[in-house]
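Working notes for the structure below.
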Amino acid sequence: DGGITQSPKYLFRKEGQNVTLSCEQNLNHDAMYWYRQDPGQGLRLIYYSQIVNDFQKGDIAEGYSVSREKKESFPLTVTSAQKNPTAFYLCASSTVVGNEQFFGPGTRLTVL
Amino acid sequence: LAKTTQPISMDSYEGQEVNITCSHNNIATNDYITWYQQFPSQGPRFIIQGYKTKVTNEVASLFIPADRKSSTLSLPRVSLSDTAVYYCLVGGPYSGAGSYQLTFGKGTKLSVIP
């Protein structure tokens, strides 16, 4: 089955630790995205990637980093510099940036 | 940057048609309007996309007036399973130059009542 997967579903970390969230897609999409969602709020764009080895900051990139070494993978690292990392993180992909996005199931990160 | 505004919440009875409007006064010439549906603790799901006039698919219709400063998502005969948050997204194809502007609205929470 084609789709986009995120792991783990739930993640707990201690304050001050970096943590990496996984996102994999087998849809052969060039574009991938990371969003953050806080309770009762909409989606805010963290980073997006148009193509392998290229990525751009979104609206709230501070405290986050990404890499795009493979077309299928777009991992997100939440660094200790992120002031309020506890949130629901969503990864998405599309054929090209701007087209219909397919979302993963999300990772709920809790920093204790 | 095309900012979007939607009603925070709406209630509807089962079987009724629901219309959710999104305002996007600063929409750019190349921008499309896309609507997504999101259930709690899940990723959003694409519903419909349009550029102008009317678009219809098997689940919804999208009405866009000539000035494109707003759009209306129409859900015919809603059921309890349509209870969700609906997001309006305005954005266009990426030219590859500069940063990409992608704006999600805050979403409309639709509650369908039996």
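Where a number appears in this text, it was derived from the coordinates with a stated rule and is not lab data. Given the structure is predicted, the values throughout are model-derived calculations rather than measurements. Neighbour counts run over all protein chains shown; Cβ positions are idealised from the backbone, glycine included.
Of the Cα atoms belonging to region A:28-73, the radius of gyration and Dmax stand at 11.3, 34 Å. Neighbouring Cβ atoms from other chains, within 10 Å of the Cβ of residues in B:44-51, number 3 on average. Highest mobility in the GNM of chain B, judged by mean-square fluctuation with C-alpha springs under 10 Å and restricted to B:Val90, B:Val59, B:Val78, is found for B:Val59. Over chain B, with a Gaussian network built from C-alpha contacts below 10 Å, which listed residue (B:Ser41, B:Ser23, B:Ser81) shows the highest mean-square fluctuation? Its mean-square fluctuation being the largest, the pick is B:Ser41. Inter-label distance, A:Ile51 to A:Thr20: 2.5 nm, where each label sits 7 Å from its Cα along the C-beta direction.
Pairwise Cα distances in chain A exceed 17 Å for 48 percent of all pairs.
Taken along the Cα-to-beta-carbon direction at a fixed 7 Å, the label points for B:Ser79 and A:Leu112 span 4.2 nm. Here the peptides A:102-111, B:24-33 are ranked by packing, the mean other Cβ count within 10 Å, and the order with the highest first is A:102-111, B:24-33. For A:Phe55, B:Phe46, the sequence from fewest to most other C-beta atoms within 10 Å is B:Phe46, A:Phe55.
With 10 Å bins beginning at zero, the pair-distance distribution over Cα atoms of chain B amounts to 15, 47, 30, 7, 1 %. Across peptide A:42-51, the mean count of Cβ atoms from other chains lying within 10 Å of each residue's own Cβ comes to 4.
When the Gaussian network model of chain B links Cα atoms closer than 10 Å, the mean-square fluctuations of B:Gln16, B:Gln37, B:Gln49 top out at B:Gln16.
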